[in-house]
Amino acid sequence: MHACSQALLSACNHHADPQKAIPMYAYMKEIDAFYGIPAPLRKQVLRQTLAEFPKVILSDWKTIVIELMRNGKREAFYSAIEIAEKSVKHWDEDAIDTLLEMVHYHSWWDTIDAIAPLIGIYISLFPQHRDRFISEWMSSGNFWLQRICLLFQKRYKSHTDQELLFDLCLRLAEEKEFFIRKGMGWALREYSYVNPKAVSTFVHASPLSALTKKEALKVINRLHQS
């Protein structure tokens, strides 16, 4: 195992709190085991551990990420996601394979929503792959991949491809899955920060679920009420 992975897993074990792990495990619907490490402490442990190694170790990010994910508990996976993002300058076109392995590992909203912006970074680096991946993920029948299609542009702000976002929402408008409806609303709400008029017009003219519309219009409605 990579020395960085070993050090971080050892630190996680050292700071584990089995009592705190119980409600964390329950809150995440028992999707994965937890150490019981609060987020601020976990981030501190990650910073301290990475500081023990030269930055060049980030070139080994694929190995470190997969080892943390497979050998650690949920908080180690969260740290793995952060390490992947810190390693962006070392990404190549094959980085998507590691990112997708992360997507499929004990999939739940906590990791999916953290990985989706990384998919967004990947697509911004290698835009030639965007349409193929979107097509594959949308037709996969996997609602987590479909949620990523909706959310990968979350950090794009004014660079959001409006036509793509609205088209994906229409294609998924009849989906009953809660995480699709909620994710769609979230994606539209994020875009409403930069183009509220377009989002409002689209939401009111489209056959979206009540949940999606409520989530999409939160910011717009709040501004109108203030």
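The values are calculated or read from the model by the stated rules, or taken from the named source; none is laboratory data. From a predicted model like this one, the values you see are computed outputs, not experimental measurements. Virtual Cβ from ideal backbone geometry, glycine too; neighbours counted across all protein chains shown. The accessibility values were calculated without ligands, DNA or RNA, using every heavy atom of the protein model including side chains. Shrake-Rupley method; radii C 1.70, N 1.55, O 1.52, S 1.80 Å.
Things to note:
- Residues of segment 19-44 that are in contact (Cβ under 8 Å) with a residue 24 or more places away in the chain and assigned to a loop (DSSP other than H, G, I, E, B): 28, 29, 31, 32, 33, 34, 35, 37.
- Selected residue [under 20 Å from the mean Cα position of the chain (by Cα) and either over 23 Å from residue 106 (Cα atoms) or part of a loop (DSSP other than H, G, I, E, B) (or both)] from 145, 208, 170, 188: 188
- Residue within segment 117-138 that is crowded, with 16+ Cβ neighbours inside 10 Å, within 26 Å of residue 7 (Cα to Cα) and without any contact (Cβ under 8 Å) to a residue 40 or more places away in the chain present: yes
- Exactly one residue out of 70, 74 is surrounded by 20 or more Cβ atoms within 10 Å (Cβ to Cβ), under 20 Å from residue 106 (Cα atoms) and not hydrophobic (A, V, I, L, M, F, W, C), and it is 74.
- Failed item, numbered, when residue 107 is tested on (1) part of a helix (DSSP H, G or I); (2) closer than 17 Å to residue 151 by Cβ: (1)
- If you check 64, 57, 31, 37 for being among the β-branched types (Val, Ile, Thr), touching a His at 6+ places or on another chain (Cβ under 6 Å) and over 16 Å from residue 105 (Cβ atoms), only one passes: 37.
- Filtering segment 105-116 to residues that are open to solvent by 60 Å² or more (accessible area, probe 1.4 Å) and more than 9 Å from the chain's Cα centre (by Cα) leaves only 106.
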